[in-house]
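J.: Quick one: the structure is below, questions incoming.
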Ligand code: GAL
């Protein structure tokens, strides 16, 4: 049974972790592997939506609990426009089947006033292309224009995230070399391309699902092991320099990260305090035949839910998470 806590006007007052989360129209929220940004008076939640012709969805909320569906910002019909000399512009395969676009991360570029999305691109048959892809829009929830996919400096690029430093530098982080390594790149000022390879972390340790943030001058990264949709032990690391001397990885949460995989970290200010929360995907998956076809994927994956937990820090900045039944933000 799905327990939904909604008040007299049918609004959520909290979200029970791991349950189906309905949007304001009553449909399950399809925003998997995504991110939340705060722009003007609203939060925008972007994520994977594999249903129909869609790739990436966008929802909007002012309280982080009640989400209005706004748009499928990237679909098989999205406009395409080349911004790099070498990009593969395929957004729908020649045989009419969808490609795969995962782990979208959207950021606002204050230099160009554009919303820019980076994500993981695959050809829809297997995970052999291992590319990043880019799309942009003038508004947070409009139709994004697709700018194609590529391998940064020829590297494989699978699970990924974006991180903006306080000085405005934007970094793209992705799993490389068959997921063995985690690479960090700095983006160009327009965020449309990679400007510089920065470093390779934890070579050979096979990590994915990176999520990065900064607190008190220290950079933090959480990630998962590499077991497909099956959950595994989350880990974390920190450094005082984005390009150097990251700690060895340490466990966070229990051995399945409370049956979830990192999507992103959300920073909010609530009742005068800064809070950091772990957002994870609790995938509903099937052991075999995962890529038998889009029908197959739709039937299980779209039932996936979310796990949101407070990040806790001790005096030395060590990070931990514990299980919590519910997510009860106080941003309003
Ligand atoms: C996971 C990855 C997901 C998706 C899945 C496919 O390891 O984190 O984003 O790519 O594999 O098997």
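J.: Can you put 133, 35 in order, fewest other beta carbons within 10 Å first?
T.: Result, fewest neighbours first: 35, 133.
J.: Counting each pair of different Cα atoms once, what's the Kirkwood radius of segment 1-136 in Å, rounded to one decimal?
T.: On the way: mean 1/r = 0.0613 Å⁻¹.
Evaluated over segment 1-136, this radius sits at 16.3 Å.
J.: Now a separate question. Just want to confirm a number: the relative contact order over the chain, from Cα pairs under 8 angstrom separated by 6+ residues, in percent. It would help to have the intermediate numbers written out before the result.
T.: Details: 833 pairs, mean separation 45.0, N = 332.
The value is 14 percent.
J.: Between segment 219-273 and segment 59-103, what's the alpha-carbon centroid distance in Å?
T.: 26
J.: Separate question: State, to one decimal in nm, how far the label point of residue 270 lies from the label point of residue 166, with both points 7 Å from Cα in the Cβ direction.
T.: Calculated label separation equals 2.4 nm.
J.: Quick one: 99, 85, fewest Cβ neighbours within 10 Å first, how do they rank?
T.: 85, 99
J.: Can you give the calculated 222 nm mean residue ellipticity of the chain, where each DSSP H run of n ≥ 4 adds -39,500 (n - 2.57) and the sum is split over every residue, rounded to the nearest 500 deg cm²/dmol? Can you show the working numbers first?
T.: Details: 1 runs with 8 residues, N = 332.
When only DSSP H runs of four or more count, the value is -500 deg cm²/dmol.
J.: With an 8 Å Cα cut-off and a minimum separation of 6 or more residues, compute the relative contact order for segment 1-100 in percent. Write out the running numbers ahead of the final one.
T.: Working: 156 pairs, mean separation 17.3, N = 100.
For segment 1-100, the relative contact order is 17 percent.
J.: Using a/c under 1.5 as the rounded threshold, could you call the chain rounded, prolate or oblate? The axes a ≥ b ≥ c are square roots of the C-alpha gyration tensor eigenvalues, and prolate needs a/b larger than b/c, oblate otherwise.
T.: rounded
J.: Take 227, 257, 19 and order them by how many other Cβ atoms sit within 10 Å, fewest up front. The partial results should precede the final answer.
T.: Values: 227 13, 257 26, 19 16.
Listing 227, 257, 19 from fewest to most nearby Cβ atoms yields 227, 19, 257.
J.: Just report the Cα centroid separation between segment 36-50 and segment 316-332, whole Å.
T.: 20
Taken together, the values in this text are just the output of simple stated rules run on the coordinates, not laboratory data. Computed from a prediction, not measured in an experiment: that's the story for all the values here. Because the Cβ atoms are built from the backbone with ideal geometry, glycine has one as well, and the counts that use them run over all protein chains shown.
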